[in-house]
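K.L.:
Pasting a structure below so you can have a look.
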Amino acid sequence: QAVRAVDTADSWTALKRVRAEIGAELHQLLAPAPASPPLRIGVVGEIYMLIESAVNFRLAERLGQLGASVTRNMYSSNWVREHLIPNWRARQEVRRIARRCKPYLAQRVGGHGFETIGYAVDYAQQGYDGIIQVLPLTCMPEIIAESILPTVSKDYQIPLLTVTLDEHAGEAGLITRLEAFVDMLAERRA
């Protein structure tokens with residue numbers, strides 16, 4: 001088509017016009033496709049498992065390398081704000097998460113099980129692509145949350161991955177599970 005347009009150009013001006021048109025078409029063909037927004041994954045669970053990257057095998061960093069944007073609900077600064085230096089804003093956040101949790105868990109179960117459920121619902125309502133729960137092997141509050149999260153997942157149609165870690169957990173197995181989860185989320189979005 002381009003060769004035909006060049007052959008039929010009958011003047012220098014027409015040839016320059018054809019060159020500009022062909023250049024614009026080639027530019028569109030060779031331009032990189034617009035990047036889709038990264039997958040959004042909410043990470044919930046027991047505080048130590050979330051804030052200590054050596055324990056969770058750098059989970060957030062690995063998800064970032066896989067192209068996901070990660071939000072977690074636990075930070076040591078949040079814990080200090082909510083428990084040691086309580087203020088109005090921290091109390092508002094606790095109430096907001098309690099409202100999210102109430103249909104699934106009416107009262108606190110100790111640890112961070114209540115927050116795990118509340119933030120999972122919050123992430124689902126915000127349109128996140130998936131949720132990952134990280135818990136230590138024998139943490140009863142997180143085990144209770146683990147039994148409730150499939151209902152949240154079903155109610156909001158949001159994929160859920162539960163990662164249980166202890167001293168025998170392997171990094172390679174976790175990486176494989178994260179890759180599969182991110183691939184599944186990307187396929188689901190497409």
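K.L.:
Please find, among Arg19, Arg40, Arg72, Arg58, the residue that is modelled with pLDDT of 85 or more, among the charged types (D, E, K, R) and in contact with a helix residue (DSSP H, G or I) (Cβ under 7 Å, 6 or more places away or on another chain).
P.N.:
Details: Arg19 fails: in contact with a helix residue (DSSP H, G or I) (Cβ under 7 Å, 6 or more places away or on another chain); Arg40 fails: in contact with a helix residue (DSSP H, G or I) (Cβ under 7 Å, 6 or more places away or on another chain); Arg58 fails: in contact with a helix residue (DSSP H, G or I) (Cβ under 7 Å, 6 or more places away or on another chain).
So the residue among Arg19, Arg40, Arg72, Arg58 that is modelled with pLDDT of 85 or more, among the charged types (D, E, K, R) and in contact with a helix residue (DSSP H, G or I) (Cβ under 7 Å, 6 or more places away or on another chain) is Arg72.
K.L.:
Return the pairs, sorted by first residue and then second, in which the second residue is part of a helix (DSSP H, G or I), the first residue lies in the stretch 178-190 and is touching a residue at least 40 places away in the same chain (Cβ under 8 Å), the beta carbons are less than 8 Å apart, and the residues are 6+ apart or on different chains.
P.N.:
Leu178/Leu59; Leu178/Arg62; Leu178/Leu63; Val182/Leu63
K.L.:
Among the residues of the stretch 137-162, which ones are in contact with a strand residue (DSSP E or B) (Cβ under 7 Å, 6 or more places away or on another chain) and at pLDDT below 95?
P.N.:
Leu137
K.L.:
Looking only at the stretch 134-144, filter to residues that are among the aliphatic types (A, V, I, L, M) and surrounded by 16 or more Cβ atoms within 10 Å (Cβ to Cβ); which one of those is nearest to Arg177 (Cα to Cα)?
P.N.:
Filtering the stretch 134-144 for residues among the aliphatic types (A, V, I, L, M) gives 134-135, 137, 140, 143-144.
So of that shortlist, the ones also surrounded by 16 or more Cβ atoms within 10 Å (Cβ to Cβ) come out as 134-135, 143-144.
Numbers: Val134: 13, Leu135: 15, Ile143: 20, Ile144: 22 Å.
Among residues in the stretch 134-144 that are among the aliphatic types (A, V, I, L, M) and surrounded by 16 or more Cβ atoms within 10 Å (Cβ to Cβ), the one nearest to Arg177 (Cα to Cα) is Val134.
K.L.:
Still on this structure, please answer the following. Of everything in the stretch 22-48, what is of a type in the set (A, V, I, L, M, F, W, C) and more than 17 Å from the chain's Cα centre (by Cα)? Give them in sequence order.
P.N.:
So in the stretch 22-48, the residues of a type in the set (A, V, I, L, M, F, W, C) come out as 22, 24, 26, 29-31, 33, 35, 39, 41, 43-44, 47.
Across the stretch 22-48, the qualifying residues are Ile22, Ala24, Leu26, Leu29, Leu30, Ala31, Ala33, Ile47.
K.L.:
Out of Glu61, Glu52, Glu46, I need the residue that is touching a Cys at 6+ places or on another chain (Cβ under 8 Å), assigned by TED's automatic domain parsing to the domain that holds Leu137 and either acidic (Asp, Glu) or surrounded by 12 or more Cβ atoms within 10 Å (Cβ to Cβ) (or both). Which one?
P.N.:
Values: Glu61 fails: touching a Cys at 6+ places or on another chain (Cβ under 8 Å); Glu52 fails: touching a Cys at 6+ places or on another chain (Cβ under 8 Å).
Every option except Glu46 fails the conditions.
K.L.:
Only helices (runs of 4 or more DSSP H) wholly contained in the stretch 62-148 count here; list those with 3 or more residues that are in contact (Cβ under 8 Å) with a residue 12 or more places away in the chain and touching a Phe, Trp or Tyr at 6+ places or on another chain (Cβ under 8 Å).
P.N.:
Qualifying helices (runs of 4 or more DSSP H): 88-101, 113-125.
K.L.:
Here's a check for you: in the stretch 25-41, which residue that is of a type outside the set (Ser, Thr, Tyr) and surrounded by 10 or more Cβ atoms within 10 Å (Cβ to Cβ) is nearest to Leu185 (Cα to Cα)? So that I can check it myself, show each step before the final result.
P.N.:
If we filter the stretch 25-41 for residues that are of a type outside the set (Ser, Thr, Tyr), which is where we start, we get 25-35, 37-41.
Pick out the ones that are also surrounded by 10 or more Cβ atoms within 10 Å (Cβ to Cβ) and you get 25-26, 38-41.
On the way: Glu25: 34, Leu26: 33, Pro38: 11, Leu39: 7, Arg40: 9, Ile41: 9 Å.
By that ranking, first place goes to Leu39.
K.L.:
Among the residues of the stretch 112-133 satisfying the criterion of being among the polar types (S, T, N, Q) and under 17 Å from Ala60 (Cβ atoms), which is surrounded by the fewest Cβ atoms within 10 Å (Cβ to Cβ)? Lay out the reasoning, then the answer.
P.N.:
Kept after step one, since they are among the polar types (S, T, N, Q), are these residues of the stretch 112-133: 116, 125-126, 133.
When the remaining residues are screened for being under 17 Å from Ala60 (Cβ atoms), the result is 116, 133.
On the way: Thr116: 32, Gln133: 24.
Among residues in the stretch 112-133 that are among the polar types (S, T, N, Q) and under 17 Å from Ala60 (Cβ atoms), the one surrounded by the fewest Cβ atoms within 10 Å (Cβ to Cβ) is Gln133.
K.L.:
Select from the stretch 161-177 the residues that are touching a residue at least 40 places away in the same chain (Cβ under 8 Å) and crowded, with 17+ Cβ neighbours inside 10 Å and write down the one among them that is nearest to Tyr119 (Cα to Cα). Full working, then the answer.
P.N.:
At the first step, the residues of the stretch 161-177 found to be touching a residue at least 40 places away in the same chain (Cβ under 8 Å) are 163, 165, 169, 171, 174-175.
Then drop every residue that is not crowded, with 17+ Cβ neighbours inside 10 Å, which leaves 163, 165, 174.
Details: Val163: 16, Leu165: 20, Leu174: 22 Å.
If we take residues in the stretch 161-177 being touching a residue at least 40 places away in the same chain (Cβ under 8 Å) and crowded, with 17+ Cβ neighbours inside 10 Å, then Val163 is nearest to Tyr119 (Cα to Cα).
K.L.:
Can you give me the number of residues within the stretch 23-61 that are touching a residue at least 60 places away in the same chain (Cβ under 8 Å) and hydroxyl-bearing (Ser, Thr, Tyr)?
P.N.:
Looking only at the stretch 23-61, we keep the residues that are touching a residue at least 60 places away in the same chain (Cβ under 8 Å), and these are 36, 39-50, 55-57, 59.
Filter once more, keeping what is hydroxyl-bearing (Ser, Thr, Tyr): 36, 48.
Summing the residues that are touching a residue at least 60 places away in the same chain (Cβ under 8 Å) and hydroxyl-bearing (Ser, Thr, Tyr) in the stretch 23-61 gives 2.
K.L.:
Okay, next question. Name the one entry in Gly110, Gly127, Gly170 that is on the phi < 0 side of the Ramachandran plot and in the same structural domain as Ala68 (by TED's automatic domain parsing).
P.N.:
Details: Gly110 fails: on the phi < 0 side of the Ramachandran plot; Gly127 fails: on the phi < 0 side of the Ramachandran plot.
Only one candidate passes the filter, namely Gly170.
The values are calculated or read from the model by the stated rules, or taken from the named source; none is laboratory data. Computed from a predicted model, the values in this text were never measured in an experiment. In this analysis, Cβ positions are derived from the backbone assuming ideal geometry, glycine residues included, and neighbour counts consider all displayed protein chains.
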